[in-house]
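The values are calculated or read from the model by the stated rules, or taken from the named source; none is laboratory data. Bear in mind that the values here come from a model prediction, so they are computed numbers and not experimental data. FYI the Cβ positions are ideal-geometry reconstructions off the backbone, even for glycines, and counts take in every protein chain you see.
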Amino acid sequence: MNLRERISEDLKSAMKSGDRIRLETLRTMRAVLLEKEIEKRGGPAMTAEDEVATLTSAAKKRKESIDLFTKGGRPELAHQEGLELAIIQEYLPRQLTAEEVAGFIREAVVQTGASGPADFARVMPLVMKQVRGKADGKVVQDLVKKALGAA
């Protein structure tokens, strides 16, 4: 069962259970995936990686909204976004820990022969290729800078 099918099945369950937040979040997720699929028409078919990337983008938007609502003194809206974020994250792959990401960074540093901050542009793409969808790009960027001594 692919991600869209799983969301549709869970949507039916949410309708039956009356869980409004889950229902609305799943509807939004399904709409975002459908929009992406329509956008890709005429090109290559939507892949599982495309689905994950689309939901990762939705999760990132929720995180940004939480920050903005918190700074703006709107804790009720931040809480709502937090609930939606938790539901979206159920459909995303498990996020890597900082230690796991650091392992990928060490491999990339050895592979590229990186020795300092000037090599950031050579290391970062290699690491992101391996951790895409499994780690936040900002966290990876900070860890790469730290590993290369640019922090």
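Values computed for the structure shown
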| quantity | calculated |
| --- | --- |
| Yes/no for Leu68 being surrounded by 11 or more Cβ atoms within 10 Å (Cβ to Cβ), in contact with an Asp or Glu (Cβ under 7 Å, 6 or more places away or on another chain) and assigned to a helix (DSSP H, G or I) | no |
| Matching option when the condition is without any contact (Cβ under 8 Å) to a residue 24 or more places away in the chain, farther than 21 Å from Asp136 by Cα, exposed (fewer than 15 other Cβ atoms within 10 Å of the Cβ) and not charged (D, E, K, R), among Ala14, Ala31 | Ala31 |
| Arg74, sole failed condition from (1) basic (Lys, Arg); (2) assigned by TED's automatic domain parsing to the domain that holds Asp50; (3) in contact (Cβ under 8 Å) with a residue 12 or more places away in the chain | (3) |
| Residue match in segment 2-16 (condition: small (Gly, Ala, Ser), modelled with pLDDT under 95, in the same structural domain as Leu77 (by TED's automatic domain parsing) and on the phi > 0 side of the Ramachandran plot) | no |
| Filter result (under 15 Å from the mean Cα position of the chain (by Cα), surrounded by fewer than 16 Cβ atoms within 10 Å (Cβ to Cβ), farther than 12 Å from Ile105 by Cα and free of Cβ contacts under 8 Å to residues at least 60 places away in the same chain) within segment 118-138 | Gly137, Lys138 |
